[in-house]
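Read-outs throughout are calculated quantities, based only on the coordinates presented, and are distinct from any laboratory measurement. Keep in mind that what you see is a predicted model, and the values were worked out from it rather than measured. Every residue, glycine among them, receives a Cβ derived from its backbone with ideal geometry; neighbour counts consider all protein chains shown.
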């Protein structure tokens with residue numbers, strides 16, 4: 001099993017550091033090199049790989065500096081997103097090996113046109129597609145693409161740990177409660193999230209199982225969610241419910 005550490009960056013980003021037991025590591029979406037270099041130096045690690053999910057600068061801004069410090073590092077990222085410095089471009093269906101574990105690449109379009117995720121060792125690194133109790137904004141892709149990407153994620157084993165790229169959980173829970181005010185599991189989750197954030201602790205990783213219980217964007221087939229958006233759409237198909245939810249969240 002690989003060891004995962006969170007390196008906070010900017011206001012609410014997480015750079016995920018993946019470490020084996022031989023002082024080698026990889027990082028996911030390093031928007032800022034400085035905290036990564038500080039962590040690596042403090043723990044006497046060698047950076048062997050950088051995994052990128054999409055091209056936004058808060059996920060890629062530190063890559064060039066990290067490459068300067070570790071010229072032999074593998075920089076892996078999406079073939080269909082404009083990410084500089086890649087020496088290995090991947091897309092859905094590809095595999096990479098990381099410290100003896102195989103990670104599969106998922107196409108997760110919607111937030112950007114070429115967004116990808118990495119799943120392996122019981123872990124998913126999903127960038128800005130799925131958040132705890134929420135999902136990413138649809139910037140370059142379509143609502144249908146984002147809905148399809150979330151469907152790929154929710155089909156993973158329920159025990160899969162989900163490593164999202166932002167600490168958005170508290171605000172997402174507030175929206176989720178507006179959608180499902182009678183969801184008892186969501187109320188319990190809110191209390192746990194508030195406890196963790198009061199201690200300045202991360203709410204992540206989450207799991208697929210937990211998100212199925214509390215994330216309205218994964219619960220579009222539930223009568224309670226459908227009822228909450230009935231004043232926003234007359235349609236009842238899952239994509240229309242999802243679209244109405246995402247548009248509501250945009251203005252929440």
- Message: Taking the beta-carbon count within 10 Å as an exposure proxy, list 148, 112, 203, 236 from fewest neighbours to most.
- Response: 236, 148, 203, 112
- Query: Expressed as an acute angle from 0 to 90° and rounded to the nearest 10, what is the orientation of the C-alpha long axis of helix 169-179 relative to the principal long axis of the chain?
  - Reply: 20
- Query: Taking the Cα atoms only, what angle lies between the long axis of helix 184-198 and the longest principal axis of the chain, rounded to 10 degrees?
  - Reply: 40
- Return 27, 138 ranked ascending by Cβ neighbour count within 10 Å, so the fewest neighbours appear first. 138, 27
- Cα-based Rg (one decimal) and Dmax (whole number) for segment 107-252, in Å? 14.3, 43
- Message: Under the 0.36 nm per residue contour assumption, what length would be gained going from the current alpha-carbon distance of residue 46 and residue 210 to full extension?
- Response: 55.7 nm
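Any chance you could run the full-extension gain for residue 79 through residue 5? It's 0.36 nm times the residue separation minus the Cα-Cα distance, nm to one decimal.
24.0 nm
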- Item | Modelled FRET efficiency - R0 51 Å, residue 87 with residue 178, Cβ distances, 0.05 increments | 0.70
- Debye calc, one equal point scatterer per Cα of the chain, no solvent, log10 I(q)/I(0) at q = 0.09, 0.10, 0.12 1/Å comes to -0.38, -0.47, -0.67
- Note on the structure: Diffusion coefficient in µm²/s returned for segment 209-252 by Stokes-Einstein, Kirkwood Rh over C-alpha pairs, 37 °C and 0.692 mPa s, is 315
- Message: Quick check on packing: order 29-42, 48-61, 218-231 by the mean number of other C-beta atoms within 10 Å, highest mean leading.
- Response: 48-61, 29-42, 218-231
- Task: Please state, as a whole number in µm²/s, the translational diffusion coefficient that the Stokes-Einstein equation yields for segment 1-149 at 10 °C and 1.306 mPa s, with Rh defined as the Kirkwood radius across alpha carbon pairs.
- Result: 104
- If you line up the long axis of helix 33-42 against the longest principal axis of the chain, both from Cα atoms, how many degrees apart are they, to the nearest 10? 60
- If one computes the Cα centroid of segment 147-179 and of segment 6-71, what distance in Å separates the two points? 23
